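Here the structure comes first, spelled out in structure tokens, and everything after it is commentary.
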């Protein structure tokens, strides 16, 4: 062993001893220090909670229909439990009817079946998920909006009557603007034009059907709508480009794709695959990648944001955020907004945003997927990612606009708690915390999506 190695080992040993002493001192403070730190954290949390309650925000991701469609719908208590809660209830043992799933023939939304019968089938399984994050959003909404303090086997009729009485014009303004202080929601609801109320709903173009061609009849439906044949890849791409141009001209603030495995684009191979697709075969990855390349090139040309679903759903391995790295590197002028922190692959997501200037992180859906995972990740975000690259909230609901409020209450709790912990450790002061929270919840998404 040479003298340099001895010196290095000695240095590391002494550093470890000193570090251990420091850690021990921090881990076992005097009682007065503990009380002071707890009080400091409590005060910080209260101050941040008040600040967040008064802050105007951008809701960075919703699937809310236009208000007239919600008002035309027969609603009841199960409307508030018909999305993520349905998924968890199924995981807990609810058995869908033949042909039923979340998006087709969903019993929780099937008002042709009496609410008493549906609630009696749903509640035993919902009761098993009532301690989790998905359940908390509707629970908070029922408490604060409808005065329902306890959810149990007998509450369905009273809750349903209150929900139906509130399903009147101005519902979105009352909940989104007055309760939530939301300036606008970035919505993906199948429309670009015709958003109602327009000041609350800003459209985002959903490109997945065009790029992924999951429906074997998709091209035929486009041909029927446009009154033109799309017999080869070139004509289809020209049609796709016009669709993108129209969406942007009509006010779409960006477009959406999904993480996945995308090989290098190959126009010749994709042209052959397109013919196979028209003949009834599934679209292969090369065709999908070639179409996606068209979109990402246009997005760079127009400086049009690209939102990206990552993680969470179904076989989430197929949508790991690390699968995006090649796209992010190949398209350095395209700006990507990575949804859901790629849960459960949150640390992958953090390092993508840390390492690539054209990638931002969007915390939409996160607080109800797991409030605690999100709280812990916020501290790691503050350690690793520039504060101008975070978009802090998106409700991600469809019919239950009330749950946007419940989710936002959870987001405010989580952010106040995480930032207060940071303050209590002396790593952040209150003014800086408020500055960062304003960036995350308003300024960053407003700038990224051009919302003024």
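No lab work stands behind these numbers, since they all come straight from the coordinates. Model, not experiment: these values are computed from the prediction. Methodologically, a virtual Cβ is constructed for each residue, glycine included, from the backbone with ideal geometry; neighbour enumeration extends over all protein chains shown.
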Could you work out how much longer the chain between residue 245 and residue 196 gets when fully extended? Use 0.36 nm per residue separation minus the Cα distance between them, nm to one decimal. 15.4 nm
Take every Cα pair under 8 Å in the chain that's 6+ residues apart, average their separations, divide by the length, and report that relative contact order as a whole percent. 21 percent
Which FRET efficiency value, to the nearest 0.05, do you get for residue 117 and residue 92 by plugging their Cβ-Cβ distance into 1/(1 + (r/R0)^6) with R0 = 22 Å? 0.70
Between region 56-71 and region 316-392, what is the C-alpha centre distance in whole Å? 23 Å
Region 272-315 to region 106-124: how many Å between their Cα centroids? 38 Å
Fewest to most Cβ atoms within 10 Å: 329, 173 sort as 329, 173
Sum -39500 (n - 2.57) across every DSSP H segment of at least 4 residues in the chain, then divide by the residue count to get the 222 nm mean residue ellipticity, nearest 500. -16000 deg cm²/dmol
Per the rule of 0.36 nm per residue minus the C-alpha distance, extending residue 72 to residue 100 adds in nm 7.8 nm
Segment residue 50-residue 150, length gained on full extension (0.36 nm per residue, minus Cα span): 33.4 nm
FRET efficiency for residue 358 and residue 166 from the Cβ-Cβ distance with R0 = 41 Å, rounded to 0.05, comes out at 0.45
Shape call for the chain from the C-alpha gyration tensor, a ≥ b ≥ c root eigenvalues: rounded (a/c under 1.5), prolate (a/b greater than b/c) or oblate? oblate
Rel. contact order, % - alpha carbon contacts under 8 angstrom, at least six apart, region 74-166: 39 percent
What FRET efficiency comes out for residue 276 versus residue 42 if R0 is 56 angstrom and r is the Cβ-Cβ distance? Round to the nearest 0.05. 0.30
Shape call for region 313-408, from the Cα gyration tensor axes a ≥ b ≥ c (a/c under 1.5 means rounded, otherwise prolate when a/b beats b/c, else oblate), comes out prolate
Tell me whether region 46-195 comes out rounded, prolate or oblate; compute the Cα gyration tensor, take square roots of the eigenvalues as a ≥ b ≥ c, and use a/c under 1.5 as the rounded threshold. prolate
